[in-house]
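Structure record follows, encoded as C-alpha cells.
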Amino acid sequence: MTGRSAVPEVIWARPERAGRGPRAAHSRADIAAAAVRIADADGLDAVSMRHVATELGCGTMSLYNYVPRKEDLYELMVDAISGEHEPWEPTGDWRADMLRVAHQTRALMHRHPWLPRLMSPVYGFSPNALRYLEHCLVCLDPLDASYGTKMELIAMLNGVVTTYVGNELATAERTRSLPWSEEQEQAMRIAYLGSRIATGAYPRMAAAFTQDAGPIDLEAVFERALGRVLDAFEPKG
C-alpha cells in the first residue's frame, strides 16, 4: 500500500502526509476523531481504513498517505483519547493525586469501551500520552523513589484499572445479551453454589461464605485494589 514501510517507524516521526501533491485535506486529528466516532458507535471491530475514509469523504487509498498501517490508526486513536485526561495542580499528596488519575482513567474507559483492548506500552509515547505521563510524574514528585520506580507505579495502576474496567465492560455486555435479568442469574448461580457447598466437599469455601455472606461491594473492591498497589510503593521505615 502507498506509504507503507518495510522497517519499523513511529507514526509521530513521519510528516502529517506522505508524498507530493496538493495541500493535505485532512489532519491526523481529523482521522483520529473519525476513527473514535466509529469505535464509540459500533465498536473497535467496525474501525477500518475504508470505514474511516468514508467517514472523512475521501478515498481509501488516499488515507494511506496519512496513515500507512491500521496499527498506526489505532495509535492515533489512543493518543486522541489520552488527550481527554484533564491535568490539575497536584496537591502534594501523591497517593490522593494518583487515585484521582486512576478514577479519571476508569471514567475515560467507560466513555470509550473499546479502549481497554488497545492499552499497550507500545502506544505509551505519543504526544498526549507523554503529557499524561509527565503529569503523573509531577504528581509523584513528593514520593521518594527513582523515576524507574515511579514509572512502574504508573504502569501497575493503569494495569489494575484496565483489567477492572475490562471485566466491568465484559460483564455488562454479557448481561445485555441474556434473555433474563442479572438478578435472576445471580439468584440461580448462588442457589447452585449453595447446593455444592452444602455437600461438605468444600469446607474452606463454606467458611469463607459463612464469614462474609453479603453482596460484594465492587466499588470497595476497586478502591482496595488501587490502595494495595499504592501501598507497595510507600517508603519503608
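If ligands, DNA and RNA are left out, what is the accessible area of Asp144 with a 1.4 Å probe, given in Å² to the nearest 10?
Counting only protein heavy atoms, the figure is 130 Å².
Counting Lys +1, Arg +1, Asp -1, Glu -1, what net charge surrounds Asp79 among other residues with beta carbon under 14 Å of its beta carbon?
Every neighbour counted, the sum reads -3.
Build a GNM of the chain with springs between Cα atoms under 10 Å: which of Pro179, Pro87, Pro15 gets the top mean-square fluctuation?
Comparing Pro179, Pro87, Pro15 in the GNM, the peak value goes to Pro179.
Please calculate how many Å² of accessible area the chain carries per residue, with a 1.4 Å probe and no DNA, RNA or ligand atoms counted. Walk me through the numbers before you get to the answer.
Values: 14160 Å² over 237 residues.
Per residue, the chain has 60 Å² of solvent-accessible surface.
Apply the a/c threshold of 1.5 to the C-alpha gyration tensor of region 91-173 and tell me whether it is rounded, prolate or oblate.
prolate
Can you pull out the chymotrypsin sites (Phe, Trp or Tyr not before Pro) in region 91-191 whose DSSP state is coil and whose Cβ has at most 11 other Cβ atoms within 10 Å?
Trp180
Starting from the Cα of Trp12, move 7 Å in the Cα-to-Cβ direction to define the label point; list residues of region 134-149 whose amide nitrogen is under 17 Å from there.
Residues 134-138 fall inside that zone.
Counting only protein heavy atoms and using a 1.4 Å probe, what share of the accessible area of the chain belongs to carbon plus sulfur, as a whole percent?
57 percent
Name the residue, out of Leu218, Leu153, Leu108, whose mean-square fluctuation peaks in a Gaussian network model built on the chain with Cα pairs under 10 Å.
With Cα springs under 10 Å in the chain, the top fluctuation among Leu218, Leu153, Leu108 is at Leu218.
Taking 0.36 nm per intervening residue step and subtracting the Cα-Cα distance, what contour gain separates Ser48 from Trp88 on full extension? Show your work: numbers first, answer last.
Numbers: separation 40, 0.36 × 40 = 14.40 nm, distance 3.52 nm.
So the chain would gain 10.9 nm between Ser48 and Trp88.
Ignoring solvent entirely, what values of log10 I(q)/I(0) come out of the Debye formula for region 75-121 at 0.15, 0.24 Å⁻¹ when each Cα is a single scatterer?
Here log10 of I(q) over I(0) equals -0.43, -0.91.
With a ≥ b ≥ c taken as the square roots of the eigenvalues of the C-alpha gyration tensor of region 155-237, please select rounded if a/c is under 1.5 and otherwise prolate if a/b is larger than b/c or oblate if it is not?
Taking the square roots of the gyration eigenvalues as a ≥ b ≥ c, region 155-237 is oblate.
Please report, for the Cα atoms of the chain, the Rg to one decimal and the Dmax as a whole number; what are they, in angstrom?
Rg, Dmax (Cα atoms, Å): 22.7, 77.
Which of Val221, Pro68, Gly159 sits closest to the plus end of the dipole of the chain, meaning its Cα is farthest towards the positive end, when Lys and Arg get +1 and Asp and Glu get -1 on the C-beta?
Of the listed residues, the answer is Pro68.
Could you give the distance between the Cα centres of region 46-65 and region 147-214, to the whole Å?
What the calculation gives is 40 Å, centre to centre.
The values are calculated or read from the model by the stated rules, or taken from the named source; none is laboratory data. Small disclaimer: the values here were computed from a predicted structure and weren't measured. Positions of Cβ are backbone-derived with ideal geometry, glycine not excepted, and every protein chain shown enters the neighbour counts. With ligands, DNA and RNA removed, areas are computed over all heavy atoms of the protein, side chains included. Shrake-Rupley method; radii C 1.70, N 1.55, O 1.52, S 1.80 Å.
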